[in-house]
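Bear in mind that the values in this text are calculations on the coordinates, not laboratory data. Note that the coordinates shown come from a computational prediction; the quantities given were computed from them, not determined experimentally. Glycine gets a Cβ as well: all are built from the backbone with ideal geometry, and neighbour counts include every protein chain shown.
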Amino acid sequence: MLPLMEDRFILYGSFTSSSTYKPMLFLALARLPFSFRTVNLKTGAQRSPDYLAINRYGQVPALRHRGLTLVQSNVILDYLARVTGRFEPETEQERWQAREWLSWEADAITNVARVRHFSRFRAVEPSVMAHFRPLAEAALGFLDRALEGRQWIVGEACSIADIGCWGRMVFMAEAGLEIAAWPALEAWSRRLKALPGFALPYDLIPKKDQEIVPA
Ligand SMILES: N[C@@H](CCC(=O)N[C@@H](CS)C(=O)NCC(=O)O)C(=O)O
């Protein structure tokens with residue numbers, strides 16, 4: 001049965017956005033229904049007064065639920081884990097660790113998203129790329145080492161730490177960063193891809209407003 005309308009998650013996002021993919025992947029893996037509202041980044045819809053009233057930073061994603069508005073993809077993942085109980089690690093220490101990884105990824109894996117942005121959407125001086133590419137590679141190397149001998153980043157199951165880190169790096173091939181260079185990362189990505197409900201961004205995020213009802 002569908003939840004009451006006010007209980008339904010409303011996610012604002014764009015199909016080219018790794019930040020949108022993160023909460024979207026959570027909802028897909030958790031098999032939760034939600035309403036998707038597209039924000040066209042190409043036409044600058046993220047800077048329209050209506051959207052700025054939802055997200056002051058003029059960025060996607062944003063989530064509305066039960067009268068609340070949440071922005072910043074990692075805050076949204078934190079919220080989704082809290083209200084649904086899904087993808088929350090088991091112990092309190094691990095739950096804090098998952099949030100620690102989310103904070104880290106916003107500092108470090110963001111460089112992967114930057115290099116992809118410069119490769120795909122906005123050409124920059126070679127010196128800018130030369131600055132950010134090693135930072136992206138260092139972030140991927142750090143996570144690769146952390147995953148050696150482990151199935152998941154925190155605890156024994158997939159958590160918001162995995163969804164957040166994977167989600168931000170998902171377009172890495174568009175930045176010329178081949179995951180095969182980091183064997184533990186590649187093995188972990190295969191485990192993620194095997195989870196029921198998993199999909200890659202271009203298969204998952206609609207280009208138009210849509211009501212999503214998992215099968
Ligand atoms: N720290 C933010 C980053 C969000 C972000 O960078 N969103 C991009 C798309 S991935 C965006 O909306 N860009 C449009 C713009 O900045 O004009 C988060 O994690 O939610």
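Within region 40-68, the set of residues being away from the ligand (no atom under 13 Å from the Cβ) and under 25 Å from ARG99 (Cβ atoms) comprises ARG64, HIS65, ARG66, GLY67, LEU68. From the list ALA175, ALA187, the one residue that fits, being in contact (Cβ under 8 Å) with a residue 12 or more places away in the chain, surrounded by 13 or more Cβ atoms within 10 Å (Cβ to Cβ) and closer than 17 Å to SER17 by Cα, is ALA175.
Of the residues GLU90, GLU125, which single one is more than 19 Å from the chain's Cα centre (by Cα), touching a residue at least 60 places away in the same chain (Cβ under 8 Å) and exposed (fewer than 14 other Cβ atoms within 10 Å of the Cβ)? Only one candidate passes the filter, namely GLU90. Just wondering, is there one or more residues in region 79-101 that are within 11 Å of the ligand (Cβ to nearest atom) and either touching a Cys at 6+ places or on another chain (Cβ under 9 Å) or of a type outside the set (Lys, Arg) (or both)? No, region 79-101 contains no residue that is within 11 Å of the ligand (Cβ to nearest atom) and either touching a Cys at 6+ places or on another chain (Cβ under 9 Å) or of a type outside the set (Lys, Arg) (or both). Determine which member of the set ARG120, ARG114, ARG145 is of a type outside the set (Ser, Thr, Tyr), crowded, with 18+ Cβ neighbours inside 10 Å and over 22 Å from LEU195 (Cβ atoms). The unique qualifying residue is ARG114. The residue that is farthest from the chain's Cα centre (by Cα), among those in region 136-165 that are assigned to a helix (DSSP H, G or I) and more than 22 Å from GLN72 (Cα to Cα), is ARG145.
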